[in-house]
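Trainee: Just dropping this structure here.
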Amino acid sequence: MAGSGLCVAVLAAALALAGAVRGGEERSRLLGAAVAIENPENDEGLQRALQFAMAEYNKASNDMYSSRVVRVISAKRQLVSGLKYTIEVEIGRTTCPKPATDLQSCAFHDEPQMAKHTTCEFVVYTIPWLNQIKLLTSRCQ
């Protein structure tokens, strides 16, 4: 048993050394810190989180039309006891009345009195291996 404790200590020291060496390359990156998602359109986890956030937004909205994402302004992922996504998006009102099932096929309103664009920040917490997802924050302006 004492040998296994020594192995764990050696492994921990090796990991700390590797982290210090690698830390020289990327000093600003901390374990557990939020990391920017460079290509949000191709990030499957982010897209699932965003789809969930938009579904929740549309359920809570009093608007008779569904809204969908115009563009992702910024997105970050943070490894916690699951994954926490912080997403800033521009959303727009579509021509589809609620509840719309396939928002991607819904066109945006182009008439000035009907067109409505809003910037929102969503924080979505997900535990993919347990198939759990929750909208923690939804702020729009």
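Trainee: Which one is farthest from A36 (Cα to Cα) among residues in the range 63-77 that are within 9 Å of the chain's Cα centre (by Cα) and touching a residue at least 40 places away in the same chain (Cβ under 8 Å)?
Mentor: Filtering first and then ranking leaves R77.
Trainee: Quick check: anything in the range 31-42 modelled with pLDDT under 95 and buried (at least 17 other Cβ atoms within 10 Å of the Cβ)?
Mentor: yes
Trainee: Also: Select the strands (runs of 3 or more DSSP E) contained entirely in the range 40-141, then report the ones holding at least 3 residues which are out of contact with any Cys (no Cβ under 6 Å at 6 or more places or on another chain) and among the polar types (S, T, N, Q). Outline the logic, then answer.
Mentor: On the way: elements: 65-79, 83-97, 117-127, 132-140.
Fully inside the range 40-141 and qualifying: 65-79, 132-140.
Trainee: May I pose another question? List the pairs whose first member sits in the range 108-132 and is over 16 Å from K84 (Cβ atoms), whose second member is open to solvent by 50 Å² or more (accessible area, probe 1.4 Å), and whose Cβ atoms are under 6 Å apart, counting only residues at least 6 apart or on separate chains?
Mentor: H109/T95; T118/C140; T119/Q141; C120/C140
Trainee: Filter the range 72-113 for residues that are farther than 28 Å from N131 by Cβ and exposed (fewer than 11 other Cβ atoms within 10 Å of the Cβ); which is modelled with the highest pLDDT?
Mentor: A107
The values are calculated or read from the model by the stated rules, or taken from the named source; none is laboratory data. Remember, predicted model here, so these are calculated numbers, not experimental data. Glycine also receives a Cβ, built like all others from the backbone with ideal geometry; neighbour counts cover every protein chain displayed. Ligands, DNA and RNA are excluded from the accessible area calculation, which covers all protein heavy atoms including side chains. Shrake-Rupley method; radii C 1.70, N 1.55, O 1.52, S 1.80 Å.
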